[in-house]
Amino acid sequence: MQRFQCYIDGEFLDGEARYRSIDPATGKDWADMPEAREGDVDRAVNAAEKALYEGPWSKLTATQRGKLLYKLADLVAANAQKLAELETRDTGKIIRETSAQIAYVADYYRYYAGIADKIEGSYLPIDKPDMDVWLRREPIGVVAMVVPWNSQLFLSAVKIGPALAAGCTMVVKASEDGPAPLLEFARLVHEAGFPAGVVNIITGFGASCGAALSRHPKIAHVAFTGGPETARHIVRNSAENLASTSLELGGKSPFIVFADADLESAANAQVAGIFAATGQSCVAGSRLIVERSIKDRFLNLLKDKAEAIRVGTPLDMATEVGPLATKRQQDHVAALIHKSVQSGARIVTGGQMPEGEGFYFPPTILDCDGVASPSLAEEFFGPVLSVVAFDTEADALRLANDTRYGLASGVFTQNLTRAHRLMKGIRAGIVWVNTYRAVSPIAPFGGFGLSGHGREGGLAAALDYTRTKTIWLRTSDDPIPDPFVMR
Ligand code: NAD
């Protein structure tokens, strides 16, 4: 059984307790994990605070910080395959995707390496003749980062990269489900030469480790990715330390297909949007909103594609859909399908939990047209597509916005003016037109409504890890006049 450790203050430690991680492809224990509890959290936060204000990190120039980030990026690229295998083993996400995604994670670190010495302050044209006033951008402080099990290296890179560029120090809590790749990544942080305490990486359970971290009095900001219910705990916890928060939550993203769209391309994008990563993607295009005149044709196309998908063992490069990450997730998908069918949804394909080992679930399509199906409102986080039809553009927009979430959306049409109207009308943080599931370190990412707030990616994300300090310098040698009047 493989053994992993936490990384605290530059050292690899066992954690206050241990637990077993399960291989989702077999349902059996495969690794021995550290479980950080309150004492470990406290040690990690104190180390991060010390590194922020006293250690060598606080004395580095921004360019030197950038160089360390470049080194980390190179190490991630060089170890991408190993990290990908660990992620696949521990979460069931297929190797085809983890190997491509982790190679790309290196580019996120490179992007933020380049940004480190471009975070500038400013000089203000102040309205007083004898004053010079500047704004300095300083690191926001010690940051708590809490991530979910899907794409842990990616979801942590969009936090660690900008936070390091800004000069912050941090404690990263990997999910208790599938923490192996992030705990292994700690070895690369160490090898890159970041001073002790700058990046601490732990794992543990939400109610103990996650809660202790997010409410720790020395935490200035909590960067969270996960579900809305956990986000509410995080926000309540942040009432203790009055930390700021950025929340990247789930979605119930609409995928709109007009009759004039390139249907083959739209169908491929829909497959990518809902079946890739076994549907365990926050941006999953899980509500297909299709023009009524092409509904049957498009559904047949999708059904054929869904049934041709190779479901299998995630470490096989030919596999297209692997298992769900946990038994809990598999049961949740089955229960929500059951509830939806009871409310009138019709199974077009899939829908049955398979026999045998592992947490598999087949690609599933539910026709929910004219039905108040719970599958249209609740997130599956699994390979299940819910379909409704529309007659007019106004209907399509109304259906797209009929959700409390607002993370992503897709629009497929050849009509340019219509595409522009929908881009403006859809209430979501991302609109993909004639494409889906595209990301880049250069483009901000984040949601509206229950999908959270704050943006990851892009320059602004690095600025969000800074706080401004206003410096006043009096340039006159005359004595200060009337001390009882504010100047
Ligand atoms: P989750 O919310 O259950 O857990 C996420 C993390 O929060 C884990 O590390 C967990 O240990 C921790 N946690 C749990 N309870 C906590 C508490 N009381 N205090 C502090 N931390 C706590 O999410 P999950 O089930 O692991 O992941 C799936 C969810 O993540 C889905 O809703 C999905 O949409 C969302 N997600 C969002 C994005 C995005 O960028 N918007 C990306 C991926 C996943």
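The values are calculated or read from the model by the stated rules, or taken from the named source; none is laboratory data. Since this is a predicted model, take the numbers as computed values, not measurements. Every residue, glycine among them, receives a Cβ derived from its backbone with ideal geometry; neighbour counts consider all protein chains shown. Note: areas computed on protein heavy atoms with side chains; ligands, DNA, RNA excluded. Shrake-Rupley method; radii C 1.70, N 1.55, O 1.52, S 1.80 Å.
What does the charge add up to near residue 253, with Lys and Arg as +1, Asp and Glu as -1, over the other residues with Cβ less than 14 Å from its Cβ?
Surrounding charge for residue 253 is +1.
Compute the distance from the alpha-carbon center of the range 195-245 to that of the range 172-190, in whole Å.
If you average the Cα positions of each part, the centres end up 16 Å apart.
Which percent, nearest 5, of DSSP beta bridges in the range 254-433 are antiparallel?
15 percent
Can you give me the Cα centroid spacing of the range 85-127 and the range 427-478 in angstrom?
Computed from Cα coordinates, the inter-centre distance equals 14 Å.
Nearest 5 is fine: what % of DSSP beta bridges in the chain come out antiparallel, could you say?
Restricted to the chain, the bridges split so that about 40 percent are antiparallel.
Determine the per residue accessible area of the range 193-282 with all protein chains present and a 1.4 angstrom probe, expressed in square angstrom.
Averaged over the residues of the range 193-282, the accessible area is 29 Å².
For the range 371-387 and the range 265-296, what is the separation of their C-alpha centers, rounded to whole Å?
The two parts, judged by their Cα centres, are 12 Å apart.
Among the DSSP beta bridges whose two residues both lie in the range 1-123, what percent are antiparallel, rounded to the nearest 5?
So the antiparallel bridges in the range 1-123 amount to around 85 percent.
Give the total of Lys-Lys pairs in the range 29-166 with Cα-Cα distances below 20 Å; include a pair only if its members are 8 or more places apart or on different chains.
Taking the Cα cut-off of 20 Å, the pair count is 11.
In whole percent, how big is the carbon plus sulfur part of the accessible area of the range 302-399, probe 1.4 Å, protein atoms only?
After summing per-atom areas, the C and S share lands at 54 percent.
Give me the dipole magnitude in Debye, nearest 20, for the chain about the Cα centre, with unit charges on the beta carbon: positive for Lys and Arg, negative for Asp and Glu.
Charge dipole of the chain: 500 debye, to the nearest 20.
Residues with amide H under 5 Å of residue 17's amide H, sequence separation 5 or more or different chain, H placed in the peptide plane at 1.01 Å from N; which?
Residues meeting the criterion, in which the H sits 1.01 Å from N, are 35, 37.
Compute, for the range 254-433, the length of the dipole vector about the Cα centre, with Cβ point charges of +1 (Lys, Arg) and -1 (Asp, Glu) only. Units Debye, rounded to 20.
480 debye
Rounded to the nearest 10 degrees, what's the angle between the helix 62-78 long axis and the longest principal axis of the chain, both from Cα atoms, 0 to 90?
On a 0 to 90 degree scale, this one is about 30.
Within 15 Å, Cβ to Cβ, of residue 453, how many net charges do the neighbouring residues add up to if Lys/Arg are +1 and Asp/Glu are -1?
Taking every other residue near residue 453 into account, the sum is +2.
For residue 407, list long-range residues whose amide hydrogen, built 1.01 Å from N in the peptide plane, is under 5 Å from its own amide hydrogen.
252, 429, 448
Based solely on its DSSP helices, what 222 nm [θ] is calculated for the chain when runs of n ≥ 4 H residues each add -39,500 (n - 2.57) and the sum is averaged over all residues, nearest 500 deg cm²/dmol?
Per the formula, -11500 deg cm²/dmol.
First check a/c for the chain, with a ≥ b ≥ c the square roots of the eigenvalues of its C-alpha gyration tensor; if it is under 1.5, answer rounded, and if not, answer prolate when a/b is larger than b/c or oblate otherwise.
Here the chain falls in the oblate category.
Which aspartates and glutamates does residue 303 reach when only Cα atoms under 19 Å apart count, and residues fewer than 8 places away in its own chain are ignored?
Partners within reach: 262, 264, 291, 320, 367, 369.
Mind checking the angle between helix 416-425 and the chain's longest principal axis? C-alpha axes, 0 to 90 degrees, to the nearest 10.
Here the helix axis deviates by roughly 60 degrees.
Using a 1.4 Å probe, what is the accessible area per residue for the range 310-461, in Å²?
With the other protein chains kept in place, the range 310-461 gives 44 Å² per residue.
Under 8 Å for C-alpha pairs, at least 6 residues apart: give me the relative contact order for the chain, rounded to a whole percent.
Across the chain, relative contact order equals 18 percent.
Tell me, what ³J(HN,Hα) does each residue in the range 453-466 have, in order and in whole Hz, if you take phi through Karplus 6.51 cos²θ - 1.76 cosθ + 1.60 with θ = phi - 60° and put x for Gly and Pro?
Rounded to whole hertz, the list is 8, x, 10, 10, x, x, 5, 4, 5, 5, 5, 5, 9, 10.
Helix 152-166: angle to the longest alpha-carbon principal axis of the chain, degrees 0 to 90, nearest 10?
The angle comes out at about 20 degrees.
Leaving ligands, DNA and RNA out of it, rank 7, 360 by accessible area with a 1.4 Å probe, largest first.
Sorted by accessible area, descending: 360, 7.
List the GluC sites (Glu not before Pro) within the range 1-81 that fall in a DSSP loop (any state other than H, G, I, E or B) and whose Cβ has at most 16 other Cβ atoms within 10 Å.
Sparse-neighbourhood loop GluC sites (Glu not before Pro): 54.
Return the carbon/sulfur percentage of the accessible area of the range 76-131, one whole number, probe 1.4 Å, all protein chains in place.
53 percent
Taking K and R as +1 and D and E as -1, what net charge do the other residues with C-beta under 11 Å from the C-beta of residue 66 add up to?
+4
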